[in-house]
Amino acid sequence: MKREPPQSIADYGPLFFPAGMLLIFFVVPFGTMIAVSFFQRQEGGFYTPAFVFSNYERFLSAFFGGVLGFSLMLAVTVAICCVVLALPFTYLLSRLSRRLQVIWLVGLLSVLSLSEVIIGFAWSTLLSRTAGLSNLFVKIGLLDQPVALFPSFGAVLTGMVYQALPYTILVLYPAIVRLDPTLMEAARTLGSSPIRAFFNVLVPALRNTIMATLIMVFIFALGSYLLPQILGRPQHWTLSVLITDQAIYQSNMPFAAAMAVFLVLVTLGLVALTLLIGRKGEKA
Amino acid sequence: MSGLVLNNVSKQFGTFTAVDNVHLSVPHGTFVCLLGPSGCGKTTLLRIIAGLEDPTNGTILLDGADITDVPTHRRNLGMVFQSLALFPHLSVGENIAYPLRIRGAAREEQKKRVDELLTLIHLPGYGDRPVSKLSGGQRQRVAIARALALSPKIFLLDEPLSALDAKLREAMQVELRQLQQKLGITTIVVTHDQREAMTMADTVVVMNGGHIRQAAPPIEIYRKPADTFVADFIGSTNLIETKADSSGAATIFGQRVTGLALPAGAQKATISVRPEDVHLTAPGNGAIDGTVTFVRDLGGTIETFVEAGGQQIVAVSTPRERPEVTAGQAVGIVLSPDVCVVLKQ
Ligand SMILES: Nc1ncnc2c1ncn2[C@@H]1O[C@H](COP(=O)(O)OP(=O)(O)O)[C@@H](O)[C@H]1O
Ligand SMILES: [Mg+2]
């Protein structure tokens with residue numbers, strides 16, 4: 001079938017709705033945020049329209065640089081942990097019977113319905129000294145006495161991985177199910193053990209999906225602001241925590257907006273870089 | 001004995017029996033075709049041999065050693081899948097080199113073997129191409145080369161030519177057979193195309209409903225089918241009821257056929273007569289009476305449909321021996337005893 005180029009305004013009709021949605025729900029809020037980031041803050045929680053760079057200048061300090069670095073490192077770690085855990089899990093899931101697969105997927109979906117707050121408090125209990133998992137370890141003789149496993153970086157990481165894992169699995173699942181199962185079998189007939197076949201057939205064949213999933217989880221994790229507060233110490237707070245703090249508790253909207261804009265730009269830059277490297281690798 | 005032996009092999013999926021008590025021995029260097037209608041268990045049997053499916057029952061021996069519990073990757077076999085299963089992320093050369101890489105072969109050795117195999121499959125210089133840029137026939141050859149890279153003991157192919165167009169398929173059948181003879185490798189091919197089986201195989205194994213119905217050389221399958229299924233499945237045939245008369249002699253439609261013997265003690269049997277073995281003469285004189293209902297003259301062959309004893313019998317003849325008959329004419333059917341194959345019940 002040959003498609004004709006659009007002739008009149010009406011031919012662009014199907015685009016109006018998504019374009020409108022994009023405008024209302026993305027362009028307008030983001031534009032507002034960029035504008036606010038240049039506004040002048042007034043004492044007492046208000047701001048007046050202006051065009052000043054002071055909000056960005058304040059951000060360019062060692063403290064905020066450190067927080068930004070930590071946020072990016074945390075998000076990357078969460079993304080890698082999630083994909084490393086989800087890949088073998090989803091592959092094994094795809095080989096179960098239809099019925100078991102549905103049960104697992106429904107279970108994972110129900111984890112998605114948990115709010116960040118519930119996840120945070122559940123893990124803080126599980127990792128606490130009085131009622132936590134360490135009591136169990138004492139029972140089975142792994143530890144001498146119960147210890148508090150939170151607040152700590154490990155606790156933040158655990159909570160965030162727990163939260164992002166269902167997304168990761170649900171994103172990987174369709175690609176893995178669609179992958180021709182005879183590819184793995186062929187690898188086995190060619191002398192590859194199942195584990196080696198997983199690494200040198202399945203992983204490379206799913207390269208693009210894995211890349212996209214890493215980026216998705218990375219961005220998802222960057223936005224997390226409750227878990228670092230509930231499960232971490234102040235040095236484990238991410239930029240999102242500071243943005244929330246500035247916007248809500250310090251009532252400094254212009255500064256919060258500037259940080260948010262900066263975070264978005266850095267994120268976009270990193271994603272573009274990743275895609276570029278991926279493209280290069282493809283050609284080689 | 002040397003070669004592959006299947007003893008008593010069965011495979012159940014739940015309550016469904018896909019392969020039922022199969023005995024098969026494949027001597028070293030032979031070409032075997034598993035032939036049968038769709039769903040008869042051919043692929044399952046091939047996968048059991050490959051170790052991709054565990055048999056519910058039975059044992060598999062290779063050169064006398066029991067390999068039933070040996071995992072696929074240690075069985076030293078090459079397999080071509082129906083989907084070909086070429087690795088999309090690797091080039092043609094890397095696909096063929098994959099098994100060598102897994103074995104840790106040196107780079108130069110890999111390259112040498114890949115070049116050797118590319119020449120063997122008539123695709124020299126294709127090593128650097130991406131798999132996606134190949135035609136169907138070329139992919140087929142690459143899959144074959146990859147499966148042969150380690151010079152396996154057994155070469156398994158699941159409907160390898162079914163995706164190709166008719167002309168290419170015929171050419172590839174001949175090529176595959178020649179390749180097998182050149183390498184002298186034990187080869188088992190699954191197919192549902194009898195022409196393909198007859199072209200390539202030393203032994204045709206006809207399967208139905210998970211059972212092996214007959215395993216024999218192609219011409220014997222055609223000339224001496226074991227039962228009605230095989231007779232009907234391979235080529236076309238006339239299945240005719242034979243009864244014993246009071247003196248014990250075999251009769252067809254009440255007419256005694258001299259020289260035809262029923263199995264000892266049997267009162268009736270079904271015989272198979274190939275259309276080209278049915279001879280038409282003038283009625284009477286000991287021939288079976290019939291009436292011509294239709295003559296289909298195809299130029300190269302002439303099919304004559306004759307009604308006899310309430311049944312339709314087809315006779316095929318060449319234009320040289322053109323029977324001078326027209327529809328409605330009474331004729332005599334002569335079946336010489338040596339072309340009547342008595343089938344198992
Ligand atoms: N993994 C499986 N689970 C359940 N049934 C199966 C499975 N594999 C094959 N079968 C069934 O076994 C029968 C034989 O299948 P198969 O060996 O693929 O037939 P063929 O290759 O001769 O067409 C089919 O009826 C099929 O539905
Ligand atoms: Mg099949």
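The values are calculated or read from the model by the stated rules, or taken from the named source; none is laboratory data. Worth saying up front: this structure is predicted, and the values here are computed from it rather than measured. A quick note on method: Cβ atoms are made from the backbone with ideal geometry, for glycine too, and the neighbour counts reach across all protein chains shown. Only protein heavy atoms, including side chains, enter the accessible area calculation; ligands, DNA and RNA are left aside. Shrake-Rupley method; radii C 1.70, N 1.55, O 1.52, S 1.80 Å.
Check whether at least one residue in the stretch B:271-285 is within 28 Å of B:Val230 (Cα to Cα), open to solvent by 30 Å² or more (accessible area, probe 1.4 Å) and without any contact (Cβ under 8 Å) to a residue 40 or more places away in the chain, and report yes or no.
No.
Keeping to the stretch A:128-157, report how many residues are modelled with pLDDT of 90 or more and either more than 22 Å from A:Thr238 (Cβ to Cβ) or open to solvent by less than 50 Å² (accessible area, probe 1.4 Å) (or both).
5
So, of the residues in the stretch B:192-218 that are within 16 Å of ligand 2 (Cβ to nearest atom) and touching a Pro at 6+ places or on another chain (Cβ under 8 Å), which turns out to be most open to solvent (accessible area, probe 1.4 Å)?
So, considering only residues that are within 16 Å of ligand 2 (Cβ to nearest atom) and touching a Pro at 6+ places or on another chain (Cβ under 8 Å), the one most open to solvent (accessible area, probe 1.4 Å) is B:His192.
Quickly run through the stretch B:43-52 and pick out the residues that are within 11 Å of ligand 1 (Cβ to nearest atom) and not polar (S, T, N, Q).
Passing the criteria: B:Leu45, B:Leu46, B:Arg47, B:Ile48, B:Leu52.
I'd like to verify a number: residues in the stretch B:59-77 that are open to solvent by less than 20 Å² (accessible area, probe 1.4 Å), away from ligand 1 (no atom under 16 Å from the Cβ) and within 7 Å of another protein chain (Cβ to nearest Cβ), how many?
Residues flagged as open to solvent by less than 20 Å² (accessible area, probe 1.4 Å), away from ligand 1 (no atom under 16 Å from the Cβ) and within 7 Å of another protein chain (Cβ to nearest Cβ) within the stretch B:59-77 amount to 1.
For the stretch A:245-260, how many residues are assigned to a helix (DSSP H, G or I) and farther than 21 Å from A:Val76 by Cβ?
Qualifying residue count, the stretch A:245-260: 11.
Find the helices (runs of 4 or more DSSP H) located wholly in the stretch A:139-219 whose residues include 1 or more that are of a type in the set (Gly, Ala, Ser), more than 14 Å from chain B (Cβ to nearest Cβ) and farther than 21 Å from A:Gln101 by Cβ, and list them.
Because the criterion is at least 1 residues that are of a type in the set (Gly, Ala, Ser), more than 14 Å from chain B (Cβ to nearest Cβ) and farther than 21 Å from A:Gln101 by Cβ, the helices (runs of 4 or more DSSP H) in the stretch A:139-219 that meet it are A:153-178.
So which residues in the stretch B:14-71 are assigned to a strand (DSSP E or B) and within 23 Å of B:Tyr222 (Cβ to Cβ), if there are any at all?
Answer for the stretch B:14-71, where residues must be assigned to a strand (DSSP E or B) and within 23 Å of B:Tyr222 (Cβ to Cβ): B:Val22, B:His23, B:Leu24, B:Ser25, B:Val26, B:Pro27, B:Phe31, B:Val32, B:Cys33, B:Leu34, B:Leu35.
Check B:Asn7 against each of (1) within 11 Å of ligand 1 (Cβ to nearest atom); (2) surrounded by 14 or more Cβ atoms within 10 Å (Cβ to Cβ) and name the one condition it does not meet.
Only one criterion is unmet by B:Asn7, namely (1).
Could you give me the residue pairs with C-beta distances under 9 Å whose first residue belongs to the stretch B:296-324 and is in the same structural domain as B:Thr270 (by TED's automatic domain parsing) and open to solvent by 70 Å² or more (accessible area, probe 1.4 Å), whose second residue is among the small types (Gly, Ala, Ser) and at pLDDT 90 or above wherever it lies, and which are 6+ apart or on separate chains?
What qualifies is B:Glu307/B:Gly290.
Might you check whether a residue that is open to solvent by less than 30 Å² (accessible area, probe 1.4 Å), within 30 Å of A:Ser54 (Cα to Cα) and aromatic (Phe, Trp, Tyr) occurs anywhere in the stretch A:228-237?
Checking the stretch A:228-237: not a single residue is open to solvent by less than 30 Å² (accessible area, probe 1.4 Å), within 30 Å of A:Ser54 (Cα to Cα) and aromatic (Phe, Trp, Tyr).
Please go through the stretch B:17-42 and give me each residue that is near ligand 1 (Cβ under 10 Å from one of its atoms) and either touching a residue at least 40 places away in the same chain (Cβ under 8 Å) or open to solvent by less than 10 Å² (accessible area, probe 1.4 Å) (or both), ordered by number.
B:Thr17, B:Ala18, B:Val19, B:Leu34, B:Leu35, B:Gly36, B:Pro37, B:Ser38, B:Cys40, B:Gly41, B:Lys42
Out of B:Arg47, B:Arg75, report the one residue that is under 19 Å from the mean Cα position of the chain (by Cα) and of a type in the set (Lys, Arg).
B:Arg47 is the lone residue from the list that is under 19 Å from the mean Cα position of the chain (by Cα) and of a type in the set (Lys, Arg).
Scan the stretch A:220-230 for residues that are assigned to a helix (DSSP H, G or I) and aliphatic (A, V, I, L, M) and jot them down.
Matches in the stretch A:220-230: A:Ala221, A:Leu222, A:Leu227, A:Ile230.
(1) without any contact (Cβ under 8 Å) to a residue 24 or more places away in the chain; (2) open to solvent by less than 50 Å² (accessible area, probe 1.4 Å): which one isn't true of B:Phe13, the others all being true?
(2)
Has the stretch B:88-107 got any residue that is closer than 19 Å to B:Pro55 by Cα and either touching a Leu at 6+ places or on another chain (Cβ under 7 Å) or within 16 Å of ligand 2 (Cβ to nearest atom) (or both)?
No - not one qualifying residue is present in the stretch B:88-107.
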